[in-house]
Structures are given as structure tokens and as C-alpha cells.
Amino acid sequence: MNDPTTKPSPANRPILITGCSSGIGLCVARGLRERGYPVLATARNPEDLEMLEREGLHAIELELADPASVDRAADQALRLGGGTIYGLFNNGAYGQPGAVEDLPREVLRAQFETNLFGWHQLTCRLLPAMRARGEGRIIQNSSVLGFAALRYRGAYNASKYALEGLSDTLRLELHGSGIFVSLVEPGPIESRFRENAYRMWKRHIDAAHSPHREAYRAMEQRLTQEGAAVPFTLPPEAVLAKVTHALESRRPRPRYYVTFPTYLFGYLKRLLTTRALDRLLRRV
């Protein structure tokens with residue numbers, strides 16, 4: 001374990017970040033590289049991997065829904081990190097829109113494969129190296145939708161609620177190990193999230209025959225709108241600031257709120273009854 005009286009150099013603390021093709025992942029990878037961390041950045045597509053290499057990052061191919069790919073990526077990350085990883089920022093995910101009753105079982109399973117099971121497998125593969133090192137940071141990019149449910153986001157809500165429960169349990173189990181677990185809970189952030197969500201909605205949801213087809217028209221307009229679709233949208237640098245604190249603070253927080261809606265719904269969930277909060281959330 002590092003001497004607590006000295007500040008370790010970022011150069012000796014490799015960081016693995018998933019989902020770095022754009023948005024939050026790419027922003028955090030760039031930001032941490034500029035702070036001197038060796039950054040191992042994952043993506044799925046060859047063109048994105050080439051882009052990451054041009055950025056001066058160590059690019060690793062990773063398909064979170066494929067257990068064999070997760071194992072290969074973990075092995076490669078440990079090799080590139082000299083047998084160790086200091087920080088893991090689990091970020092690669094997507095949103096599957098659609099009413100709960102319109103979600104086929106296999107579509108819901110696919111949401112969990114990428115947004116939860118792949119993260120869990122990768123975390124478990126890296127934990128032994130963190131234990132051997134005597135320190136580590138596991139940072140989970142959750143969402144305001146990990147504690148406040150919104151309509152037509154059931155699959156994503158469920159994956160993030162599950163992530164929060166798993167992460168809270170892991171944090172308790174790792175107490176005293178030198179490994180800290182933090183959840184980052186963003187609201188609306190500038191990214192390609194809506195673009196990717198729209199593609200998944202078109203692929204998997206039979207909107208024309210759904211009892212929710214009228215509501216889907218408004219949802220489709222929001223998903224295809226250019227620029228920020230909701231107020232209080234922040235750039236991905238807002239998440240970078242929280243990730244940096246979680247990596248560098250001697251006492252990282254269990255949760256980091258990002259954006260005004262997260263703070264607002266966090267407060268309202270503590271203040272309002274479930275029925276009162278439901279009335280509010282139905283209007284969002």
C-alpha cells in the first residue's frame with residue numbers, strides 16, 4: 001500500500017475506462033490523460049479504437065455483452081498496467097426506450113448484459129489486482145434514473161437501480177481493503193445517448209401496435225431533436241470533475257450527483273411520499 005504521508009504520482013496509477021467512443025467516456029479519458037494517468041480506453045468498433053490510439057490513449061476492444069470479450073479486455077488491461085489497475089470507471093452503457101409491457105424478455109436481458117453483467121464481470125476480474133496492490137477505486141457511472149424512475153425508460157431504470165444495489169453492497173464488502181466504490185449519478189449530459197437510444201427503440205419496439213403509440217410520438221420527437229432536449233443539460237466535463245475527485249480524494253464519496261435534476265429528485269425523493277413523487281414524475 002502507498003505511504004499515506006505522500007501523494008502518489010498519477011503516472012503509477014493506471015485507469016481503465018469503458019465506453020470511450022464518445023461522450024462521457026471520451027471526455028474522462030482525455031481529462032485523466034492530461035492529469036498524467038496512464039489511461040486504458042475501451043470501445044467496440046475498429047474506427048473508434050483507431051481514434052483512441054490517435055488520441056494517445058491505450059485502446060482496448062471490449063464488447064460488454066460478450067463474456068469472452070470482457071475476459072480478453074481485462075487480461076489486456078492488466079498487461080498494459082504492469083499487472084495492476086488502480087482505477088476502473090465503468091461507463092459503457094446504452095438506454096433501451098420503451099414501455100415496460102412492450103419490452104420482450106430478450107431485449108430486457110440485453111440491457112442488463114451491457115449495463116450490469118458486463119460491468120460486474122470486469123470489476124470482479126480486476127479486484128484481485130486491486131487487493132494485491134492494497135488500494136483501488138471503482139467508479140460506476142449510474143444515473144438519476146438509478147433512484148428516480150421515469151416512464152418509457154423501464155429497461156434502463158431497472159439496470160441502473162440494480163447497479164446501485166450491487167455497488168452499495170460491494171462498497172460495504174470492501175470496507176477496510178483500501179478499495180473504494182463510488183456511484184456517479186448524472187442527469188442530462190451532452191452525448192450521443194439519445195441517438196443510440198433512438199436506434200435501439202426502432203430496432204426492438206413495435207410502436208405501431210402498442211397501447212402507448214401516442215406517447216411514443218412525443219418520445220420520438222425528443223430522441224431525434226437536435227441539441228439539448230431538456231433543460232439543465234451539462235457538458236461531459238461535469239462528470240469528469242466528479243470522477244477526478246473519486247480517484248484523488250483520500251475519502252471519496254459513495255455518491256456524486258451531477259446536474260440540477262439529480263439534486264432536485266434526490267431531495268424530492270426524501271421529502272415526498274411515493275404517490276406525490278409519482279404525480280410529479282408522470283409530468284416529466
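Readers should treat all values here as calculations from the given coordinates under stated rules, not as data from a laboratory. Remember, it's a predicted structure, so these values are computed and weren't measured experimentally. Every residue, glycine among them, receives a Cβ derived from its backbone with ideal geometry; neighbour counts consider all protein chains shown.
About its Cα centre, the dipole of the stretch 81-156 is roughly 260 debye, where the only charges are +1 on Lys and Arg Cβ and -1 on Asp and Glu Cβ. Loop-resident GluC sites (Glu not before Pro) (DSSP state other than H, G, I, E or B) in the stretch 199-284 with no more than 10 further Cβ atoms inside 10 Å of their Cβ: Glu226. Between the Cα long axis of helix 23-34 and the first principal axis of the chain there is an angle of about 20°, rounded to the nearest 10. Taking amide H as placed 1.01 Å from N in the peptide plane, the amide H of Ile60 sits under 5 Å from that of Ala41, Thr42, Ala43, each at least 5 places away or on another chain. Near Val70: Cβ cut-off under 13 Å, other residues only, Lys/Arg at +1 and Asp/Glu at -1. The net charge is -3.
Counting 0.36 nm for each residue step from Glu55 to Arg151 and taking away their Cα separation leaves a gain of 30.7 nm.
The Cβ shell under 13 Å around Leu127 holds other residues with a net charge of +3, Lys and Arg each +1, Asp and Glu each -1. Coordinate range of the alpha-carbon atoms in the stretch 184-284 per principal axis, descending: 53, 34, 22 Å. Taking max minus min of the alpha-carbon positions on each principal axis, the stretch 15-282 gives extents of 54, 43, 32 Å, largest first. The Cα center of the stretch 171-218 and the Cα center of the stretch 249-269 differ in position by 18 Å. Close amide H contacts of Leu234 (hydrogens built in the peptide plane, cut-off under 5 Å, sequence separation of 5 or more or a different chain): Ile189, Glu190.
Extension gain for Ala241 to Glu195 (0.36 nm times residue separation, less C-alpha to C-alpha distance): 14.1 nm. Between Asn45, Asn157, Asn115, the Gaussian network model of the chain with springs among Cα atoms under 10 angstrom shows the greatest mean-square fluctuation at Asn45. Summed over qualifying helices (DSSP H, 4 residues or more, each -39500 (n - 2.57)) and divided by its residue number, the chain shows a 222 nm mean residue ellipticity of -15000 deg cm²/dmol.
The long axis of helix 193-204 is offset from the longest Cα principal axis of the chain by roughly 60 degrees.
Close amide H pairs (under 5 Å, H built 1.01 Å from N) link Arg255 with Leu183, residues at least 5 positions away or on another chain.
Highest GNM mean-square fluctuation among Gly95, Gly178, Gly81, for the chain modelled with Cα contacts below 10 Å: Gly178.
For Val184, what is the net charge nearby, where nearby means another residue's Cβ is under 15 Å from its Cβ and Lys, Arg count +1, Asp, Glu -1?
So the surrounding residues net to +1.
The angle separating the long axis of helix 118-133 from the principal Cα axis of greatest extent in the chain is about 20 degrees.
Under a Gaussian network description of the chain, with springs only between Cα atoms under 10 Å, the residue in Gln76, Gln225, Gln121 that fluctuates furthest is Gln225. Note on Val284 and Asp66: the extension gain reaches 75.0 nm, defined as 0.36 nm multiplied by sequence separation minus the Cα-Cα distance. Could you work out the relative contact order of the stretch 195-284? I mean the mean sequence separation of Cα pairs under 8 Å and 6+ apart, divided by the number of residues, in percent. Taking the mean separation of contacting Cα pairs over the length of the stretch 195-284, I get 19 percent.
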